[in-house]
Amino acid sequence: MSSLYDVLIIGGGPAGLATAYLCHKHGLSYLVLESGKSVFQGIANTYPEGKHVYASKPKDAPEPFLVDELRPPDKPVTVESYIQYVQHFVQHEKINVRTEVAFEDIREERDVLSVLTDKGVFRGRKVVLAFGSSIPRELSVYGDAKMVAKNLEDAGKYVGVKTLVIGGGNTAADVVIAILKAKREVNDNQPVYWSHTSGKFDVNKETAQRLGEEILLGGNIRLYPGATPRIGEVDKEGVDRLVIRINEFKQADGIDLYHALSFPMENVIACIGSQGPMPVFDKLGIQMITCAAGVCKIAKEGDRLVLLSSEFESTRRGVYVIGGAISPSYMKINAGAIAEEKHPNLIYTAINDAYHVVEAIRKKMEN
């Protein structure tokens with residue numbers, strides 16, 4: 001029989017680690033399940049290199065940082081410095097974290113919640129969803145392309161092979177630049193193919209300048225605006241491949257012609273952004289409410305907001321949702337009424353959410 005934890009925490013960002021530390025401090029058994037290679041992976045992936053982290057809190061927020069140990073310094077520091085501090089904190093406090101565990105589902109069995117992952121099943125009395133808002137989008141084609149958020153761990157692995165990067169923004173451009181540089185440094189002339197479904201690549205001035213420098217220094221790049229990833233294939237050697245259509249010609253007889261390129265899936269990198277957690281909430285059966293005209297002041301008409309109690313418990317008993325996953329607002333049940341609640345996506349908010357959830361869990365377990 002696997003271990004039974006008081007609290008299972010999904011996500012090792014500010015909300016997840018604050019929850020874990022408070023459980024640790026108050027004697028609750030817990031485990032953090034993080035999909036990345038280390039804690040704060042979401043922040044590492046989404047914050048630009050060198051970006052400063054501030055101890056920001058909303059002007060109208062009455063509470064101080066309720067977990068001071070994870071509070072960013074008053075003097076702004078780079079995101080890299082803050083993450084390094086947090087990693088040392090996790091080691092010093094011996095926070096119980098398992099990394100590279102992909103969350104899949106939650107099932108109920110009597111008074112226990114089973115969390116299904118790609119590394120097996122974990123059992124807990126309560127589950128805290130603290131996975132943030134930047135959930136990678138699926139490529140939705142056959143096979144599995146590598147998903148990246150900000151940078152490559154090892155651009156050198158693409159030396160000597162023709163590589164396809166999908167996506168038209170700064171993230172994709174950064175990946176292209178890293179591979180071009182790695183290839184150039186060892187005189188590899190194999191091109192980097194860069195495709196985007198739109199007819200225009202959209203990168204900022206600084207990124208465009210760095211890309212231009214790499215090309216001027218000899219970077220071999222092939223651009224394919226308007227190219228569309230299509231269903232993949234398995235070749236005669238059993239290799240998964242991805243097909244991208246470059247040109248498509250509609251014919252009157254209904255037989256379409258197109259030019260296409262096919263790449264081994266292991267040489268494809270998809271930088272197609274992230275999505276909010278709504279698909280996860282739908283899968284888990286967590287209720288959401290659609291904003292109607294005049295009801296929501298922060299969210300837009302038609303947006304779906306997760307429904308939570310004043311203690312951040314969802315409509316699935318024992319499952320709590322905190323942090324960036326419920327920003328910029330959610331529907332709060334309070335004293336029998338339901339109203340939109342503002343919820344800024346800040347480290348401050350995530351940490352204080354954790355404090356209130358752990359207090360609520362402690363009270364429930366004492367009763």
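The values are calculated or read from the model by the stated rules, or taken from the named source; none is laboratory data. None of these values were measured; they are calculated from a predicted model. In this analysis, Cβ positions are derived from the backbone assuming ideal geometry, glycine residues included, and neighbour counts consider all displayed protein chains. Areas reflect the complete protein model, heavy atoms only, side chains present, ligands, DNA and RNA absent. Shrake-Rupley method; radii C 1.70, N 1.55, O 1.52, S 1.80 Å.
Were the residues from residue 102 through residue 359 laid out at 0.36 nm apart, the gain over their Cα-Cα distance would be 89.8 nm.
Pairs from the list 119/283; 37/181; 200/250; 342/364; 162/200; 250/283 with a Cα-Cα gap above 29 Å: 250/283.
Taking the helices alone, the chain has a mean residue ellipticity at 222 nm of -7500 deg cm²/dmol, built from -39,500 (n - 2.57) per DSSP H run of at least 4 residues and averaged over all its residues. Pop the C-beta distance of residue 298 and residue 54 into the FRET formula with R0 = 25 Å and round what comes out to the nearest 0.05. Rounded to the nearest 0.05, the efficiency is 0.70. Computed over neighbours whose Cβ is under 9 Å from that of residue 308, the net charge equals -2, Lys and Arg +1, Asp and Glu -1. Between residue 256 and residue 202, the modelled label-to-label distance comes to 2.3 nm, taking each label 7 Å out from Cα in the direction of the beta carbon. Using DSSP, restrict attention to beta bridges with both residues in the stretch 247-350 and report what percent are antiparallel, rounded to the nearest 5. Antiparallel bridges make up about 80 percent of those DSSP assigns within the stretch 247-350. For residue 297, the aspartates and glutamates whose Cα comes closer than 17 Å to its Cα, not counting residues fewer than 8 places off in the same chain, are 60, 340, 341. Evaluated at q = 0.12, 0.13, 0.14 Å⁻¹, the base-10 log of the normalised Debye intensity for the chain, with identical point scatterers placed on the Cα atoms, takes the values -1.00, -1.12, -1.22.
The charge dipole of the chain, taken about the Cα centre with unit charges on the Cβ atoms of Lys, Arg (+1) and Asp, Glu (-1), comes to about 280 debye, rounded to the nearest 20. Between the stretch 88-111 and the stretch 244-272, the C-alpha centres lie 41 angstrom from each other.
Per residue, the chain exposes 52 Å² of solvent-accessible protein surface, assessed with a 1.4 angstrom probe and all protein chains in place. Short-range pairs are left out: with C-alpha atoms under 8 Å and at least six residues apart, the relative contact order of the stretch 240-367 is 15 percent. Solvent-accessible area of the chain (1.4 angstrom probe, protein heavy atoms only): carbon and sulfur portion equals 48 percent.
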